[in-house]
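The values are calculated or read from the model by the stated rules, or taken from the named source; none is laboratory data. Worth saying up front: this structure is predicted, and the values here are computed from it rather than measured. Cβ atoms come from the backbone with ideal geometry, glycine included; neighbour counts cover every protein chain shown.
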Amino acid sequence: MVLYSFSGYESAGHMTEETKNASISAPKGIIFCCVTSAIMGFIYLLGLLFACNNQTAGILDAGNNLAFSVANVFQNAFTKADGTLVMGGYLSLTIISLLNLFFGGFGSVTVTCRVGFALARDNAIPCSKFFYRVS
């Protein structure tokens, strides 16, 4: 869930080399991205938490609701008044959510690797020569 609120803000740091007057505009951009990402992520997570039901720790609880909170929200949204579930909408939003989670995690791993390589290049971590080596 934290990935939804703090993902993508590091792009401002990567763009600092291409900005004019980078010593002033880069810190402003990074702070603005962090604040905006935190506010929008908080609003998104707050909306999800208010839409969730009380759930048990199992895969399915007594009411046949999924224990995966976001999927439970989609299940509630696509359940008709007569109790039937519209599977197309439910599955499409769940798959989109899982893809966003996957690619957000993939982006975070990419940024971490870039930062690790930069630290190794500058001899800022132990065993820098081992991590800086490119084959």
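Numbers below:
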{"read-out": "Pair list, Cβ < 6 Å and 6+ apart or interchain, from the stretch 108-121 residues that are closer than 15 Å to Val134 by Cα to residues that are assigned to a helix (DSSP H, G or I) and at pLDDT below 85", "value": "Ala120/Phe131; Ala120/Tyr132; Arg121/Tyr132"}
{"read-out": "Filter pass, Leu45 being modelled with pLDDT of 85 or more and in a helix (DSSP H, G or I)", "value": "no"}
{"read-out": "Filter pass, Ser97 being assigned to a helix (DSSP H, G or I), touching a residue at least 24 places away in the same chain (Cβ under 8 Å) and either out of contact with any strand residue (DSSP E or B) (no Cβ under 8 Å at 6 or more places or on another chain) or at negative phi (or both)", "value": "yes"}
{"read-out": "Yes/no for Leu119 being surrounded by fewer than 14 Cβ atoms within 10 Å (Cβ to Cβ), of a type outside the set (Val, Ile, Thr) and in a helix (DSSP H, G or I)", "value": "no"}
